[in-house]
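Colleague: What follows is a single structure, and I will ask about it in a moment.
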Amino acid sequence: MNETLANKESPQHSPRVFSGVQPTANIHLGNYLGAIKRFVSVQHEMESLFCVVDLHAITMPQDPKKLAAQTREIAAAYLAAGIDPEKSIIFVQSSVSAHAELAWLLNCVARMGWLERMTQFKDKSGENSERMSVGLFDYPVLMAADILAYKATHVPVGDDQKQHLELARDIAQRFNSDFKAKGFFPQPEPLIGAEASRIMNLQDGTKKMSKSDAAENSRINLTDDAEQISKKLKRAKTDLFPMPDDVAELKARPEVDNLIGIYAALAEITKEAVVKEFAGLGFGAFKPKLADLAVDKLSPISAEMRKFMADPTQIDKILEKGAIRAREIAMPILQETKNLIGFWGAD
Ligand code: TYM
């Protein structure tokens, strides 16, 4: 195993990766570069579980007629991107009851004040927090349960999930100390990439690329074909100046920073190298190169995704097998957790 991937704070726990993506419509380039692309590489370093988190998806209203298809779509994206179902465990959150059950136990450990500080809830609820589901407020506790149900030590996520990971660490620590079970739950470490951990909206470099943005031009969906990818990137907002010759300039040019970041992540080079290659040129020279690169890297994934989506039985078999393997890990951990709490039947 790679030295840098050892969990220094929880050396007694064997390294294990857990991460998830919600089956909400419009899986996009940010989900791919910030999370899924990194799942693909980390699976070769450590035992890994990749979940389709449908319990999280229903914290916001979902169409019951579409939820199952959206769930298969995320599984298809995992497979198309290169997650190997023989090696990694791919499964659906609601098919392993330990997630919901552990979330309840951890609800009684987490503190209201901790959740009240979560910025994602504030962003999603805006002025309407009174009308939001209790589930949306509790979202980060369920996320902690996802991770701790497997005693996962490493969690690859985009930058927006950092605060939720900190909360998961606080909950783990509090459980261990409340129940005098030193080191029972590990301190899960976020794995956040140096590049592409926050891909921005193509029309507004100050907003995150998001599944829920009404403007189709704001994001590249993983299901977009070559023509759509190319069109969206060529129409992406830029400014009137030539390409920068120094990365320091990017701070004041968020849209340009984002496009250079996307190029760097897709080409697997640094932003510095991109800046050096295109310094002083116009966007008329850069954008077609970026579009070609994106089509080259993404269209094989969308083609594979379409193939998987055309064969739902194959996806379902993989998910069923994944759920069995996931339960085998989570159920004994859940039982140990209940024993520590002192429930009847465990005494
Ligand atoms: P979701 O579906 O909202 O996002 C899935 C992953 O994509 C990352 N991401 C981005 N990365 C870069 N740029 C963006 N614009 C961008 N938008 C999204 C997210 O950070 C995430 O890694 N709460 C999680 C799902 C989850 C989870 C977990 C993750 C539930 N339980 C346990 C890890 C461990 C989420 O944000 O899903």
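Colleague: How far, in degrees from 0 to 90, does helix 312-341 lean away from the longest principal axis of the Cα atoms of the chain, to the nearest 10?
Modeller: 50 degrees
Colleague: Per residue, how much accessible surface does the chain expose to a 1.4 Å probe? Answer in Å², no decimals.
Modeller: Heavy-atom SASA per residue in the chain reads 47 Å².
Colleague: How big is the dipole moment of the chain about its Cα centre under a simple scheme where the beta carbon of each Lys and Arg is +1, that of each Asp and Glu is -1, and everything else is neutral? Debye, nearest 20, please.
Modeller: Once rounded to the nearest 20, the dipole reads 260 debye.
Colleague: A follow-up question, please. Using a 1.4 Å probe and ignoring any ligands, DNA or RNA, find the accessible area of Leu298 and quote it in Å² to the nearest 10.
Modeller: Looks like 10 Å² after rounding.
Colleague: What's the local net charge at Tyr150, with K and R +1, D and E -1, over the other residues with C-beta under 12 Å away?
Modeller: Summing Lys/Arg as +1 and Asp/Glu as -1 gives +1.
Colleague: Helix 254-267 sits at what angle to the longest principal axis of the chain, using alpha carbons and giving 0 to 90 degrees rounded to 10?
Modeller: Relative to the chain, helix 254-267 is tipped by roughly 80 degrees.
Colleague: How long are the semi-axes of the ellipsoid equivalent to segment 5-50, from square roots of 5 times the Cα gyration tensor eigenvalues, in whole Å, largest first?
Modeller: So the three semi-axes of segment 5-50 are 25, 11, 9 Å.
Colleague: Follow-up question, since we're still on this one. Output the pairs from Lys208/Lys251; Lys37/Lys297; Lys234/Lys289; Lys124/Lys231; Lys65/Lys317 with a Cα-Cα distance over 19 Å in this structure; if there are none, say none.
Modeller: Distance filter (> 19 Å) returns Lys124/Lys231; Lys65/Lys317.
Colleague: While we're here: What list of ³J(HN,Hα) couplings, whole Hz, do you get for segment 30-40 from phi and the Karplus terms 6.51, -1.76, 1.60, once you set θ to phi - 60° and write x for glycine and proline?
Modeller: x, 4, 5, 6, x, 10, 4, 4, 7, 4, 4
Colleague: Cα centroid distance between segment 118-188 and segment 305-334, in Å?
Modeller: 24 Å
Colleague: Compute the long axis of helix 283-309 from its Cα atoms, compare it with the longest principal axis of the Cα atoms of the chain, and write down the angle in degrees, 0 to 90, nearest 10.
Modeller: Taking Cα atoms only, the helix is inclined about 40 degrees.
Colleague: Another question, if that's okay. Got a sec to turn the phi values of segment 56-63 into Karplus ³J(HN,Hα) couplings, 6.51 cos²θ - 1.76 cosθ + 1.60 with θ = phi - 60°, whole Hz, x for Gly and Pro?
Modeller: Coupling constants for segment 56-63: 5, 4, 7, 5, 10, x, 10, 7 Hz.
Colleague: Quick one: order Ser19, Ser133 from most to least accessible surface, probe 1.4 Å.
Modeller: Final ranking, largest accessible area leading: Ser133, Ser19.
Colleague: Counting pairwise Cα distances across segment 204-347, what percent come out greater than 22 angstrom?
Modeller: 56 percent
Colleague: Also: Carbon and sulfur: what percent of segment 1-144's accessible surface (1.4 Å probe)?
Modeller: 53 percent
Colleague: How do Trp114, Trp344, Trp104 rank by accessible surface area computed with a 1.4 Å probe, from largest to smallest?
Modeller: Trp344, Trp104, Trp114
Colleague: Please list His154, His44 in order of solvent-accessible area, largest first, computed with a 1.4 Å probe with all protein chains present.
Modeller: His44, His154
Colleague: Separate question: Would you compute, for the Cα atoms of the chain, the largest minus smallest coordinate along each principal axis and list the three values in descending order, in whole Å?
Modeller: Ordered largest first, the chain gives principal extents of 72, 47, 43 Å.
Colleague: Determine the share of segment 294-347's accessible area contributed by carbon and sulfur atoms, expressed in whole percent, with a 1.4 angstrom probe.
Modeller: Answer for segment 294-347: carbon and sulfur cover 58 percent of the accessible area.
Colleague: Taking the Cα centre of segment 1-70 as the origin and placing charges on Cβ (Lys, Arg +1; Asp, Glu -1), which of Phe18, Gln43, His28 is farthest toward the positive end of the dipole?
Modeller: Positive-end residue among those listed: His28.
The values are calculated or read from the model by the stated rules, or taken from the named source; none is laboratory data. All values derive from a computational prediction rather than experimental measurement. With ideal geometry, Cβ positions are generated from the backbone for all residues, glycine too; neighbour counts draw on all protein chains shown. For accessibility, only protein heavy atoms count, side chains too; no ligands or nucleic acids. Shrake-Rupley method; radii C 1.70, N 1.55, O 1.52, S 1.80 Å.
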